[in-house]
Amino acid sequence: MVFPESTDIRFDLRIIASTIEPGSRVLDLGCGNGDLLAWLAGNKQVTGTGIEQDKTKAAACIARGLSVLQGDLNAEVDDYPDCSFDYVILSQTLQQVLEPARLLYSLARIGRKVIVSFPNFSHYSIRLQLLCRGIAPKNEQLPYSWYDSPNIRVITLKDFRKFARDVGYNILREIAISSDPAGSEGRIIRFFTNIRAAYGVYIIEKIRSG
Amino acid sequence: MTTEAIQPAPLTAVKQHYTFAEGPEGLVLESGARLGPVTLAYETYGTLNAARDNVILVAHAFSGDSHAAGYYPGDPEGEKPGWWDFMIGPGKGIDTDKFFVVCPNILGSCMGSTGPSSLNPATDAPYGLDFPMMTIGDIVSTQKTLMDHLGIRRLHGVVGGSVGGMQVLEWCVRYPQFLRSAVAIATTMRHSALAIAFNEIARQSIMADPNWNKGNYYGGSKPDMGLAVARMVGHVTYLSDEAMRRKFGRKLQDKETFSFGFDGDFQIESYLRHQGTKFVNRFDANSVLYITKASDYFDVVERMGKIERPSKKNSEKRKYLVISYTSDWLYPTYQAKELVQTLKRSDQDVSFCEIEADCGHDAFLIPDERLTTLIRGFFDGLS
């Protein structure tokens, strides 16, 4: 398995990168400065496309030779034909999406596999803050106050498993991880994931009938 | 030792000409009409490599010319360089140390290529309205003839803004195999009613000038007033509300109070008059009629949707870059997005970026490091 060097990209993105088959076609939603796409292109011969809302970041991606569309990911995903990609990556964005079910439906339509990662709201540090101090929790992964948080969806690993089942997706793989505040280092959590994991990474696919 | 950065010497430009279709059949245009002989003026910068594939074709906008960069040897002190000099040159966004840049003047223009002001060999007088209606397709097919003449095997890229961007799109549908990449800036797959409306005002303004004389004014008084007004209208569509507010507002020109007359009080009035006069000195009114009409006829929506899908295994996928500007109200971002959508639907490798700029449609002609960086990175990412 090709695994990115620690200095290259964020830990959760390294986990995602390691799961991608060489030579795949990948769509990275909210691709930021394009670190993951650049790594995949350089190390796994991936044909990648990114979508990024921020104009400066999108321009930076294009300027480094990546194929990136500047725009709103909810709208941009609608234009692709079915199964245009082997993987569609939605990293740490699901908790900010207004209509997650609709978005996931589109992603599973245009991609054979969808990789979703999000911060786990049932991490023990969050549970303790709510239980002991009675305040809207904050931690390194979720640093916002209730009034300025872009994270409008409160998801836990357990919630996501149920959600995936309910709306018709197979979970092919679940990777629970913890990582340091900078996100550069981390480790995989194997036991009591729902309480110990800072992030969940899921590879899902649509249950296609017939 | 000096610590100053060494500025590369400015490019020296030489206007060249290529004449073809000299036989009695001439060139058959999209309308079915025949035209010949056909001359294209063009300039080149940089060096063609041995493989003859390091070529970037720069397509100029409606009133542009082949002088995209550098200075002519005889230019007087203080003369302006070519219209995209900030983009083209050694070490610039389109790096002439790497690429061989060709910029042809379009068919129908009056800057060295055959157009309505050229001599009609049948009559030995300027064509005037006898010049056959040419299309963006004809402009591009004559550019292809020029590429073949120069022995160019393939274009590393074709790039252009506005009507230049239309030529880029026409290249994409007409000669896809000849292209490695395409960059379409501030352009559209077809004119909106708004764009046609402004072009029609420009044409009517020219044709209403008594000197226009049904296009037959060469050798006599020219329809300068009509042409100047046409340019004034055009110029407004190239600016934006923000840009005009910032630059002119309601400021008065060389006076403290209103004149209570029609001499022109506001700075914007005097600016537009200046733009109109400047244009009259360098451009032909009939060329405005022909080129605006060609851009109104232009429509690649259907053909764009039918561009061949890239094969799965090909290692060298053609790449597209679409750029729009936030304040462009002539070809607004939604039109660029329609182009992107069309390309996505046929599985093309397309990048898109909207640039935040308040100077309107003409933003691509104003030095901007963001545009330069985008284009440099895009072309470098291919090699």
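The values are calculated or read from the model by the stated rules, or taken from the named source; none is laboratory data. Just so we're clear, the structure is a prediction, and the values are computed from it rather than from any experiment. A quick note on method: Cβ atoms are made from the backbone with ideal geometry, for glycine too, and the neighbour counts reach across all protein chains shown.
For this structure, a couple of remarks:
- Of the numbered criteria (1) away from chain B (no Cβ under 11 Å); (2) closer than 24 Å to B:TYR334 by Cβ; (3) in a strand (DSSP E or B), the one A:LEU27 fails is (1).
- The residues listed here are B:THR326, B:THR342; of these, the one that is of a type in the set (S, T, N, Q), in contact with a Gly (Cβ under 8 Å, 6 or more places away or on another chain), closer than 16 Å to A:GLY71 by Cβ and within 14 Å of chain A (Cβ to nearest Cβ) is B:THR342.
- Of the helices (runs of 4 or more DSSP H) lying entirely inside the range B:294-383, those containing at least 3 residues that are surrounded by fewer than 20 Cβ atoms within 10 Å (Cβ to Cβ) and out of contact with any strand residue (DSSP E or B) (no Cβ under 7 Å at 6 or more places or on another chain) are B:333-345, B:369-382.
- Some residue of the range A:92-114 being of a type in the set (Ser, Thr, Tyr), touching a helix residue (DSSP H, G or I) at 6+ places or on another chain (Cβ under 7 Å) and surrounded by 17 or more Cβ atoms within 10 Å (Cβ to Cβ): yes
Table: residues versus (1) of a type in the set (Lys, Arg); (2) assigned to a strand (DSSP E or B); (3) outside the structural domain of B:CYS110 (by TED's automatic domain parsing).
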residue	(1), (2), (3)
B:VAL140	no, no, no
B:ILE152	no, no, no
B:GLY157	no, yes, no
B:GLN167	no, no, no
B:GLN177	no, no, no
B:ALA184	no, yes, no
B:ILE201	no, no, yes
B:GLN204	no, no, yes
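- Output for the range B:351-377, where each listed residue is within 21 Å of B:PRO310 (Cα to Cα) and in contact with a Ser or Thr (Cβ under 7 Å, 6 or more places away or on another chain): B:SER351
- Just one of (1) touching a strand residue (DSSP E or B) at 6+ places or on another chain (Cβ under 8 Å); (2) surrounded by fewer than 17 Cβ atoms within 10 Å (Cβ to Cβ); (3) more than 11 Å from every other protein chain (Cβ to nearest Cβ); (4) not hydroxyl-bearing (Ser, Thr, Tyr) fails for A:CYS83. It is (3).
- Residue, surrounded by the fewest Cβ atoms within 10 Å (Cβ to Cβ), within the range B:255-271, restricted to residues that are in contact (Cβ under 8 Å) with a residue 12 or more places away in the chain and charged (D, E, K, R): B:GLU269
- Evaluated against (1) part of a helix (DSSP H, G or I); (2) within 14 Å of chain B (Cβ to nearest Cβ); (3) within 29 Å of B:ARG370 (Cβ to Cβ), A:GLY48 falls short on exactly one condition, (1).
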